[in-house]
Each structure stands twice: as C-alpha cells, then as structure tokens.
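The values are calculated or read from the model by the stated rules, or taken from the named source; none is laboratory data. Keep in mind that this is a model prediction, so the values were computed, not measured. Cβ placement follows ideal geometry from the backbone for every residue including glycine, while neighbour counts extend to all protein chains displayed. Surface accessibility is based on the protein's heavy atoms, side chains included, excluding ligands, DNA and RNA. Shrake-Rupley method; radii C 1.70, N 1.55, O 1.52, S 1.80 Å.
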Amino acid sequence: HFIYHLRGLNPIAQRIKEQFNCSYVSIVPGDSDEDETVKMQLGKEAACYLKKVINSGDVIAVTGGTTMAQIPPAMEEVPGVENITVVPGRGGLGEKVEIESNTTAAELAKKLKAQYKLLYVPDNLSPETMESVINEPGIREILKIVRSADILLHGIGGAEEIGRRRGLSEDEIKKIKEKGAVAEAFGFYFNKNGQVVHMTSSVGLTIGDLKNIRIVIAIAGGKNKAPAIQAFLKYHSPTVLITDEGAARKLLELE
Ligand code: F6P
C-alpha cells in the first residue's frame with residue numbers, strides 16, 4: 001500500500017466517498033483502459049473486500065463482464081463462513097461464456113467452497129415467452145434466491161458499449177441513447193443523473209430488490225467509464241466502490 005499513499009489516492013477516495021455518499025471507496029493505482037493488469041488488481045481488491053464482509057448463510061449475486069471475471073481467480077475460501085450461495089444477479093446469455101454471470105457465479109462458488117444456482121434465461125425474449133419461462137417452477141425457485149441476495153457484486157459499463165456487446169440492435173442503441181443512457185449495470189440503463197431510462201428484458205434482480213441488499217459492491221475502472229460510474233453512484237447509495245486511479249481522477253473532474 002506504499003504506492004497507494006505515494007500517489008495520494010487516499011484523499012481522492014475520501015472525496016469520492018463524501019461526494020457520492022459511498023460506504024467505502026478503494027482505488028487501485030493505474031488505469032485499466034491502458035493496462036489490463038490493473039483489472040486484475042481490481043479483482044483482487046474486490047475479493048479482499050468480499051472476504052471481510054461475507055457472513056454465513058449469505059446469498060451473493062454477481063454480474064458478468066471482464067472486470068467481474070477477475071474476482072474468482074483472486075478469491076479464496078473464507079474460514080468460519082458456511083452455507084454461502086452464489087447466483088447470477090440477472091439471467092442473460094448475451095455475453096461470451098467466459099464473462100457471463102453464470103460462469104463468474106460458478107467460479108466464485110468453487111473458490112468459496114459454496115453452492116451455486118444458475119439462471120439459463122436469455123435476454124430479450126418476447127414478453128409472452130418471458131412470462132412462461134419465469135413461471136417454470138425450477139426458474140421461479142432460483143429467482144426467489146436471487147431476489148433475496150445479501151450481497152451484490154457488479155460491474156458498470158458505458159451504455160452504448162455494453163448495449164452493443166449484449167447484442168442490442170443499432171435501432172435499440174439509438175433509442176436508449178435518445179433517452180440519455182450513459183451507464184449500464186445489471187441490465188439497467190441510467191442517464192447521467194442516475195435515473196433508470198431503460199431495462200433489459202431479462203429475469204433476476206429488480207430495482208426494488210436493491211434496497212433489501214445488505215451490501216452493493218460496484219467494481220469498475222478505466223477513465224472512459226467515469227461518466228458511467230458517476231451515473232450509477234447518483235442512482236444508488238450507499239455503494240462500495242472498487243475502482244482505479246484513472247476512473248477516480250476523472251470522476252472528480254466531472255463533478
Ligand atoms: O454484461 C454484464 C456486465 O456486468 C454489465 O452489467 C456491465 O455494464 C458490464 O458487464 C461491465 O463489463 P466490463 O467489466 O467488461 O467492462
């Protein structure tokens with residue numbers, strides 16, 4: 001942590017914490033837009049934080065993405081903690097399998113020696129199909145567990161970039177941009193004031209469930225993501241933010 005103090009990241013974390021009413025802010029040195037190894041550090045930092053706050057019996061919901069995928073490799077079993085369940089925060093099979101929430105959930109569970117439940121429901125089903133899928137007893141049971149999550153660990157992305165990565169059509173992307181979407185997290189799109197302007201039609205956590213979650217941990221870095229992080233922090237508080245220097249410095253510039 002020598003570098004941390006050397007670069008003066010502590011006062012920056014403190015300022016972000018106060019400005020956005022975060023419960024905790026951790027900043028790793030560097031910028032993950034420029035250096036992939038910084039993402040690994042984000043994963044380590046998130047794993048370390050999770051270890052400290054996890055309790056026996058917790059349900060942990062995770063999302064997908066390249067940043068979240070760095071958490072399981074850094075995770076280890078937490079002594080004295082039992083009966084943990086890891087689930088994806090939302091269904092959605094739109095991502096590459098390596099960075100899908102189901103994969104991250106299963107890998108995190110393996111490291112924690114926990115159980116896991118997965119959701120195999122694609123994004124963007126027609127409303128009628130969605131309705132019948134969520135009424136399947138097996139899915140319904142898993143959804144109940146997801147929606148009772150104690151801890152949510154999630155990535156944040158730029159609305160356009162993530163919309164495209166998750167297979168939205170150009171037309172849909174244009175529409176969400178017109179609504180002012182700048183950020184995406186767990187299937188919700190936010191404008192710069194932190195208002196939800198669009199939702200992916202997938203199953204899982206709903207906006208209303210968030211207030212029942214004990215700890216919401218957002219993990220996102222790289223200065224290009226600063227506007228998206230800003231939007232999310234305006235939407236939700238108190239959040240635990242695990243970010244990097246590039247995003248953190250830019251975030252304060254934007255405010
Ligand atoms: O698609 C899953 C997801 O967690 C999104 O909700 C989020 O916006 C994105 O991944 C972040 O991805 P990355 O960490 O690769 O930038």
| task | Distance between Cα centroids, region 9-29 to region 130-163: provide it in whole Å. | result | 28
| request: Whenever you get a sec, compute what percent of the accessible area on the chain sits on carbon and sulfur atoms (1.4 Å probe). | output: 51
| query | Expressed as a fraction of 2.2 N^0.38 Å, the rule-of-thumb size for a compact globular protein of N residues, what is the C-alpha radius of gyration of region 129-255? | reply | 1.10
| query | How far, in nm, would the chain grow between Ser201 and Glu128 when pulled straight, counting 0.36 nm per residue and subtracting the alpha carbon separation? | reply | 25.1 nm
| request: State the Cα centre-to-centre distance between region 43-104 and region 205-235 in whole Å. | output: 16
| Normalised by the residues of the chain, what does the relative contact order come to in percent, with Cα pairs under 8 Å and at least six apart? | 24
| request: Springs between alpha-carbon atoms under 10 Å, Gaussian network over the chain: tell me which of Asp209, Asp123, Asp150 tops the mean-square fluctuations. | output: Asp209
| message | For the chain, set up a GNM with springs between Cα atoms under 10 Å and report which of Ile16, Ile27, Ile139 has the largest fluctuation. | response | Ile139
| trypsin sites (Lys or Arg not before Pro) within region 11-92: which are DSSP loop residues with at most 14 other Cβ atoms inside 10 Å? | none
| message | Counting C-alpha atoms alone, how compact is the chain: give Rg to one decimal and Dmax as a whole number, in angstrom. | response | 17.3, 56
| field | Rounded to 5, percent antiparallel among DSSP beta bridges of the chain | value | 30
| said: Just to be sure I understand the model, the point goes 7 Å from the Cα along the line to the Cβ. What's the resulting Leu210 to Lys113 distance in nm? | reply: 3.6
| note | Karplus ³J(HN,Hα) for region 217-226 (6.51 cos²θ - 1.76 cosθ + 1.60, θ = phi - 60°; Hz, whole; x = Gly/Pro) runs 10, 9, 10, 7, x, x, 5, 5, 8, 3
| request: Averaging sequence separations of C-alpha pairs under 8 Å and six or more residues apart, then dividing by the length of region 76-130, give the relative contact order as a whole percent. | output: 43
| field | Mean accessible surface per residue for the chain, computed with a 1.4 Å probe while every protein chain stays in place, in Å² | value | 46
| remark: Computed for the chain: size of charge dipole around the Cα centre, +1 on C-beta of each Lys and Arg, -1 on C-beta of each Asp and Glu, debye to nearest 20, value 540
| query | Between Asp33 and residues 5 or more places away or on another chain, which pairs have amide H atoms under 5 Å apart, with H built 1.01 Å from N, and which residues are they? | reply | Gly222, Lys223
| message | Can you compute the equivalent ellipsoid semi-axes for region 22-161, i.e. the square root of 5 times each eigenvalue of the Cα gyration tensor, sorted largest first and rounded to whole Å? | response | 26, 20, 12
